Amino acid sequence: MVKLTVDGTEIEVADGMSVLQACEAAGAEIPRFCYHERLSIAGNCRMCLVEMERSPKPIASCAMPAGEGMVISTNTPLVKKAREGVMEFLLINHPLDCPICDQGGECDLQDQAMAFGVDNSRYEENKRAVEDKYIGPLVKTIMTRCIHCTRCVRFVTEVGGVEELGATGRGEDMEITTYLEQAMTSEMSGNVIDLCPVGALTSKPYAFTARPWELKKTESIDVMDAVGSNIRVDTRGREVMRVMPRLHDEVNEEWISDKSRFIWDGLRTQRLDRPYVRKDGKLAAATWQEAFDTIAEKVSATSADRMAAIAGDQCAAEEMFALKDLMDRLGVASIDCRQDGSGLGAIGGRAAYVFNSTIAGIEQADAILLIGSNPRHEAAVLNARIRKHWRATGLPIGVIGEASDLNYDFAHLGAGPDTLKELAAGNHGFSGVLERAERPMIILGMGALARYDGNAVLSLAVELGSRVGAIGNNQEWAGFNILHAAASRVAGLDMCFLPREGGRDTVGIVEAAGAGELDVLFLLGADEFAADKLGSAFVVYQGTHGDRGAHRADVILPGATYTEKSGTFVNTEGRAQMAHRAAFPPGDAREDWAIVRALSDVLGQKLPYDSLNALRALMYEECPQFASLDEISAPNISELLDAAKGDGVLTSEPFKNAVSDFYLTNPIARASKIMAECSALAHGGEAAGTGTDG
């Protein structure tokens, strides 16, 4: 610890802290433009100048380590004059276009010019102009506004892992550019919009659409992957205008992926806003009562063993609980929340299907083995955490599966289960790396588990984890992790939305429907499976977009997206989080739990709750972990070790990553024009304009 004095107050701070951090710990406000807590120190804006005793001139507090006995002053006349001078220099070439700048109202330069600047300028020369750069369909550039803080450069290099932004020229000729003016290839490039302290980098799809004071801000949870990133949804009236990240150090820090940020245009296109019933081979608009009566007629004409239900990837816990309750009352045994076809939940307890080390625990690992996973596409924010730890420690990372670009160095060990078998037996070179590690980490992706030998792969991975110390040997370390790609999966497994005795799983349901052994199938937002192989089964689709499930449906019940309902989502590490309603569903669409409740009445199996609070009370009674918001229960390692005894026959088929196109993984993404442009660019095609280019 280091003791120093700030504005007459003696404080004690940790070794290695900067003077800026020490001043803020003492309660002093230090302006800054280039400094950011999660990026390397640049020290090039000089706005954070403070006075240090015995120093001949003010010091840049962000770049000066706090030292024993320092005496710092943050509000002397010298400091005030120095900051006014820095601000005056920054405004020499900065254009006076606040009225037309999208950063207006949220601009650090505006705020600090008011607080630390002067009310006049001594410069009469013309301002310089810089040509705008093309860096992709997501980020709009007005580079004349740039103050060269280099936050964007440091972010894409250090966090994004792509060295695609940099500075050219010197002095007044310096410019931030992508060199060849190509689109950035990072899945997290949109974060530079939040980092930019001026209006040089703004959101291209959002350009000129709204002002921040017009928007209602609602805290919510992202469902584009299973990380559970904390987000803020900004709405105007009934429309979602933008999505922003919220700070949560243990989950997403302060980053979100581009898919999470720019998905909002897909929320309003291709929406299902009224019930539909298929008549004479064509879907026709209907009333809710007509849709319910059609379903009731089909259900009454069949038996429970010829009905089934599948829950999709973006369902909240509440509607899954309601549908499970209804299916139980109808006696339906064939229900499943694993539309990807994995066998998770059958063996090993809860520890066999969650990210046991927690996402923040990645930074404690000293060796990582990825099996059948591309975290860059399946969980971009989590992959950034791995990269962060790799940059800091250089830890060894091994990959079994496809050799994709992960934005960090790794050893490609092999393509499939044969390599995993060698590691488990200790016959592979990387097994020694895992054995020597004090906190080894194993991450299994759905590419290894969502296949017919998935349980055998899981058993072998548990055996490996037990042998190298990722499970059991160190009571303070649980390094065996499952990385899900679906936001709803852990909640479904927690509430046991799984086949009952004699029931079929997703694969069995599809096969039975194709063989004519299934009469009625309920799809709760389920679109990511072979819906075209359901034969002549009567399909009830409850969802939000006219996607794959709706195309096959005989009855469509319009539901609400994640921004249009209050719901509980459990992320891949087993952390329950609450999303709040930011807008209302369009047309006749309703919240999903309410649709299931209304349908239950028509089917003669009335569910015992008429409000969301009543439903949650019963859900918390049966699944108490959902009530413990933002908490993670310790894994039961003994149950996980039982998974090593699982049966199943391994094949030699290589692992294939669960996500082939990062930008088009769900119905909302496939309805988004912005995501279509990004997908085309990522695959070498040409993107159409967003309407805000130029």
For a quick check: with amide H placed at 1.01 Å from N, whose amide H comes under 5 Å from residue 62's, ignoring anything fewer than 5 positions away on the same chain? 20
Checking rank on 279-292, 457-470, with mean other Cβ inside 10 Å and highest first, the result is 457-470, 279-292
Once ligands and nucleic acids are excluded and a 1.4 Å probe is used, how much of residue 224 is accessible, expressed in Å² to the nearest 10? 10
Give me the distance in nm between label points sitting 7 Å out from Cα along the Cα-to-Cβ direction at residue 14 and residue 613, one decimal. 4.1
With a point put 7 Å past each Cα toward its Cβ, work out how far residue 81 is from residue 1 in nm, to one decimal. 3.8
Assuming R0 = 30 Å, can you tell me the calculated FRET efficiency for the pair residue 25 and residue 219, based on Cβ-Cβ distance, to the nearest 0.05? 0.65
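Kindly flag which residue pairs out of 80/216; 279/533; 282/656; 3/388; 324/533 have an alpha-carbon separation exceeding 32 Å in this structure.
Details: 80/216 36 Å; 279/533 20 Å; 282/656 37 Å; 3/388 30 Å; 324/533 24 Å.
Where the Cα-Cα span goes over 32 Å, the pairs concerned are 80/216; 282/656.
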How much length is gained on full extension from residue 57 to residue 405, taking 0.36 nm per residue of separation minus their Cα-Cα distance? 120.6 nm
State the answer as a single residue: which of 89, 662, 483 lies farthest towards the positive end of the charge dipole of the chain, with beta carbon charges of +1 for Lys and Arg and -1 for Asp and Glu, about the Cα centre. 89
Please give the peptides 400-410, 90-100, 370-380 ranked by average Cβ packing (other Cβ atoms within 10 Å per residue), highest first, as a rough proxy for protection. 370-380, 400-410, 90-100
Starting from the Cα of residue 673, draw a straight line to each of the lysines and keep only those under 23 Å, dropping any in the same chain fewer than 8 residues away. 133, 140, 204, 259
Measure out, as a whole number of angstrom, how far apart the alpha-carbon centroids of the range 441-474 and the range 25-45 sit. 43
So how much slack lies between residue 106 and residue 168, counting 0.36 nm per residue of separation and subtracting their Cα-Cα distance, in nm? 19.5 nm
From the phi of every residue in the range 66-78, what ³J(HN,Hα) in whole Hz does the Karplus formula 6.51 cos²θ - 1.76 cosθ + 1.60 yield, where θ is phi - 60° and glycine or proline is x? 5, x, 4, x, 4, 10, 10, 10, 10, 9, 7, x, 5
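Order these peptides, 303-313, 536-546, by their mean beta-carbon neighbour count within 10 angstrom, highest first. Walk me through the numbers before you get to the answer.
On the way: 303-313: 22.4, 536-546: 23.9.
Taking the mean over residues of other Cβ atoms within 10 Å, the ranking is 536-546, 303-313.
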The chain, accessible area per residue, ligands and nucleic acids excluded (1.4 Å, Å²): 40
Roughly how tilted is helix 454-468, in degrees to the nearest 10 and between 0 and 90, from the longest Cα axis of the chain? 50
Each residue of the range 129-134 in order: what ³J(HN,Hα) in whole Hz does its phi give by Karplus 6.51 cos²θ - 1.76 cosθ + 1.60, θ = phi - 60°, with x for Gly and Pro? 10, 10, 5, 5, 10, 8
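Keeping the other protein chains in place, figure out the carbon and sulfur percent of the accessible area of the chain, with a 1.4 Å probe.
On the chain, the fraction of accessible area on carbon and sulfur atoms equals 49 percent.
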Among 383, 209, 530, whose Cα projects farthest towards the positive end of the dipole of the chain, with charges put on the beta-carbon of Lys, Arg (+1) and Asp, Glu (-1)? 209
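Treating the beta-carbon of each Lys and Arg as +1 and of each Asp and Glu as -1, no other charges, what is the dipole magnitude of the chain about its Cα centre, to the nearest 20 debye? Walk me through the numbers on the way to the answer.
On the way: 68 positive and 99 negative charges, 152 e Å.
Here the size comes out at about 720 debye.
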Can you list the lysines whose alpha carbon is less than 27 Å from that of residue 81, not counting same-chain residues fewer than 8 positions off? 57, 127
If one compares the long axis through the Cα atoms of helix 612-622 with the longest principal axis of the Cα atoms of the chain, the angle in degrees, nearest 10, works out at 80
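Could you please report the charge total around residue 317, scoring K, R as +1 and D, E as -1 over all other residues with beta-carbon less than 14 angstrom from its beta-carbon? Numbers along the way, then the final one.
Working: positive: 324, 489, 565, 575, 616; negative: 313, 318, 319, 325, 494, 591, 592, 621, 622.
Surrounding charge for residue 317 is -4.
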Any residue on another chain or 5+ positions along whose placed amide H is under 5 Å from the amide H of residue 379 is listed here as none
Under the definition of Cα pairs under 8 Å and six or more residues apart, what whole-number percent is the relative contact order of the chain? 15
Report the extension gain between residue 639 and residue 304 in nm, rounded to one decimal, defined as 0.36 nm multiplied by the number of residues separating them, less their alpha carbon distance. 117.3 nm
Work out the FRET efficiency for residue 601 and residue 181 from their Cβ-Cβ distance, taking R0 = 56 Å, and round it to the nearest 0.05. 0.40
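The values are calculated or read from the model by the stated rules, or taken from the named source; none is laboratory data. Because the structure is a prediction, the values reported are computed rather than measured. Positions of Cβ are generated from backbone atoms using ideal geometry, with glycine treated the same way; all protein chains shown enter the neighbour counts. Surface accessibility is based on the protein's heavy atoms, side chains included, excluding ligands, DNA and RNA. Shrake-Rupley method; radii C 1.70, N 1.55, O 1.52, S 1.80 Å.
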